[in-house]
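Below: the structure, in structure tokens.
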Amino acid sequence: MQRVLILIGLILLVAGLAWPWLSKLPFGRLPGDIIVERENFRFYFPITTGILVSLVLSLLLWWLSRK
């Protein structure tokens, strides 16, 4: 459990340091993400981004559990 928490902390640290470059990636603006903009209202539902993140995390956890 300690290794997992340390690994998660390191991943968050690297993601935080790389955020200026990561924010330029098209995640959150992929085809299939629902964005509804009205005069005083904005609704955002990232379906495609959520599926993609879920797939990557599932593959990563599957790969880590094999070791």
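The values are calculated or read from the model by the stated rules, or taken from the named source; none is laboratory data. Please read all numbers here as calculations on a predicted model, not as lab measurements. Cβ sites come from the backbone with ideal geometry, for glycine too, and all protein chains shown count toward neighbours. Accessible surface is based on the protein model in full, side chains and every heavy atom, while ligands, DNA and RNA are left aside. Shrake-Rupley method; radii C 1.70, N 1.55, O 1.52, S 1.80 Å.
Things worth noting here:
- Rolling a 1.4 Å probe across the protein heavy atoms gives segment 13-63 an accessible surface of 89 Å² per residue.
- The chain, accessible surface, carbon-and-sulfur percent (1.4 angstrom probe): 72
- Only Lys, Arg, Asp and Glu carry charge here, each on its Cβ (+1 for the first two, -1 for the last two); on that basis the chain has a dipole of about 300 debye about its Cα centre.
- For the pair LEU22 and GLN2, a Förster radius of 25 Å applied to the C-beta separation gives a FRET efficiency near 0.40, rounded to the nearest 0.05.
- For the chain, with +1 on Lys and Arg beta carbons and -1 on Asp and Glu, the positive-most of VAL4, PHE41, LEU57 along the dipole: VAL4
- Folded to 0 to 90 degrees: helix 2-17 orientation relative to the chain principal axis, Cα: 40
- With the helix formula -39500 (n - 2.57) applied to DSSP H stretches of n ≥ 4, the chain reaches a computed 222 nm mean residue ellipticity of -19000 deg cm²/dmol.
- Fully extended contour minus Cα-Cα distance, from ARG66 to GLU39, at 0.36 nm per residue: 4.7 nm
- For the chain, the longest principal axis of the Cα atoms and the long axis of helix 47-66 meet at an angle of about 10 degrees.
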